[in-house]
Amino acid sequence: CSSGIARRVERRAIVVDLGRTEAYIPPREQIPGEVYKPGDRIQGYIADVRQTTRGPQIIMSRADERYLMKLFELEVPEIYDGIVQIVAAAREPGQRAKIAVFSKDNDVDPVGACVGMKGSRVQNIVQELRGEKIDIVLWDEDPARFVCNALAPAEISKVFVDEQNREMEVVVPDSQLSLAIGKKGQHVRLAANLSGWKLDILSAANSAAKTAEAIFNLMLVPGMTETMAQNIFQSGFGSFQALAEATPQAIMAIPGYEAEERAAKLIQEAKG
């Protein structure tokens with residue numbers, strides 16, 4: 001983090017006096033709605049140094065995820081000391097942010113350390129970011145558990161994981177759908193950015209309809225029983241087209257199709 005004095009605005013970029021040099025905060029690196037007058041103290045993250053015809057130009061940011069991470073490092077001694085680690089952060093500047101943390105020490109609660117006594121630590125950061133709401137999420141090495149943590153307080157019924165495409169289908173009770181998605185999709189968008197997985201939120205009713213449709217589709221394969229179709233669907237294959245395009249190795253992961261011959265036969269039947 002660096003701080004300086006706002007001097008002037010040039011083409012909507014705030015020029016900040018850092019003492020020996022100047023920095024620029026372009027419009028996209030500003031928090032929407034913030035207004036600084038000449039003489040105001042302003043803090044940000046040195047995001048880039050660009051070479052221009054007039055020499056190096058320092059780009060400062062208040063919208064960057066790294067600025068949020070730096071603020072937590074300054075505010076939370078356990079992060080500064082390396083006991084609590086920040087794994088990832090995602091922001092929609094000025095509106096909402098999510099930050100994922102974990103502790104190297106079992107006796108230290110990483111979320112509690114970041115929140116502080118009566119919320120004092122996180123509130124100091126919220127104030128600096130002009131009221132941006134911050135969700136502190138417990139990181140988990142299991143991606144599905146991590147995504148469930150990132151989508152809290154929404155209740156999660158089931159998670160279907162597609163590791164190959166880094167996609168997850170998250171099923172929630174019908175009453176929890178709008179909570180999981182959030183206003184204008186913000187909650188799920190931030191959870192996806194934080195986890196690095198593409199997330200598809202489905203209500204239980206929509207999920208049941210989608211499952212029934214997939215089972216019906218898979219049963220078009222000759223000799224397919226409903227139980228076999230359910231096993232295949234739960235293994236991540238939602239249609240006979242997906243089976244026809246699969247490799248024998250992928251099919252061999254399905255219970256009942258461990259033998260290469262059986263897997264190859266299923267692919268051929270699906271192609272047929």
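Observations
- Of the strands (runs of 3 or more DSSP E) that lie entirely inside segment 1-63, not one contains 3 or more residues that are open to solvent by 60 Å² or more (accessible area, probe 1.4 Å), at pLDDT below 95 and under 18 Å from Leu129 (Cβ atoms).
- The set of residues in segment 210-223 that are without any contact (Cβ under 8 Å) to a residue 40 or more places away in the chain and under 11 Å from Leu266 (Cβ atoms) contains only Leu218.
- Some residue of segment 154-169 being in a helix (DSSP H, G or I), more than 30 Å from Ala244 (Cα to Cα) and under 22 Å from the mean Cα position of the chain (by Cα): no
- Just one of the numbered conditions (1) in contact (Cβ under 8 Å) with a residue 24 or more places away in the chain; (2) open to solvent by 20 Å² or more (accessible area, probe 1.4 Å); (3) under 17 Å from Arg189 (Cα atoms); (4) in a loop (DSSP other than H, G, I, E, B) is not true of Ile136: (4).
- Some residue of segment 219-227 being in contact with a helix residue (DSSP H, G or I) (Cβ under 6 Å, 6 or more places away or on another chain) and in a helix (DSSP H, G or I): no
- Subset of segment 217-234 (residues that are under 18 Å from Asn165 (Cβ atoms) and either β-branched (Val, Ile, Thr) or loosely packed, with under 14 Cβ neighbours inside 10 Å (or both)): Ile232, Gln234
- Residue match in segment 77-97 (condition: in contact with a Gly (Cβ under 9 Å, 6 or more places away or on another chain), surrounded by 19 or more Cβ atoms within 10 Å (Cβ to Cβ) and among the acidic types (Asp, Glu)): no
- Any chance Gln51 is more than 18 Å from Ile125 (Cβ to Cβ), among the polar types (S, T, N, Q) and in contact (Cβ under 8 Å) with a residue 24 or more places away in the chain: no
- Selection status of Ala214, surrounded by 18 or more Cβ atoms within 10 Å (Cβ to Cβ) and either under 16 Å from the mean Cα position of the chain (by Cα) or not small (Gly, Ala, Ser) (or both): no
- Test: residue in segment 187-202 that is more than 30 Å from Trp139 (Cα to Cα) and in a helix (DSSP H, G or I): no
- Evaluation of Glu73 against (1) modelled with pLDDT of 95 or more; (2) open to solvent by less than 40 Å² (accessible area, probe 1.4 Å); (3) farther than 21 Å from Ala191 by Cβ (one fails), failing number: (2)
- Of everything listed in (1) free of Cβ contacts under 8 Å to residues at least 40 places away in the same chain; (2) open to solvent by less than 40 Å² (accessible area, probe 1.4 Å), the single unmet condition for Lys184 is (2).
- Every residue from segment 106-120 that is open to solvent by 60 Å² or more (accessible area, probe 1.4 Å) and either within 17 Å of the chain's Cα centre (by Cα) or not polar (S, T, N, Q) (or both): Asp107, Asp109, Met117, Lys118
The values are calculated or read from the model by the stated rules, or taken from the named source; none is laboratory data. Values in this document were obtained by computation on a predicted structure and should not be read as measured data. All Cβ positions, glycine included, derive from the backbone under ideal geometry; neighbour counts span all protein chains shown. Please note that ligands, DNA and RNA were not included when accessible areas were found on the heavy atoms of the full protein model with its side chains. Shrake-Rupley method; radii C 1.70, N 1.55, O 1.52, S 1.80 Å.
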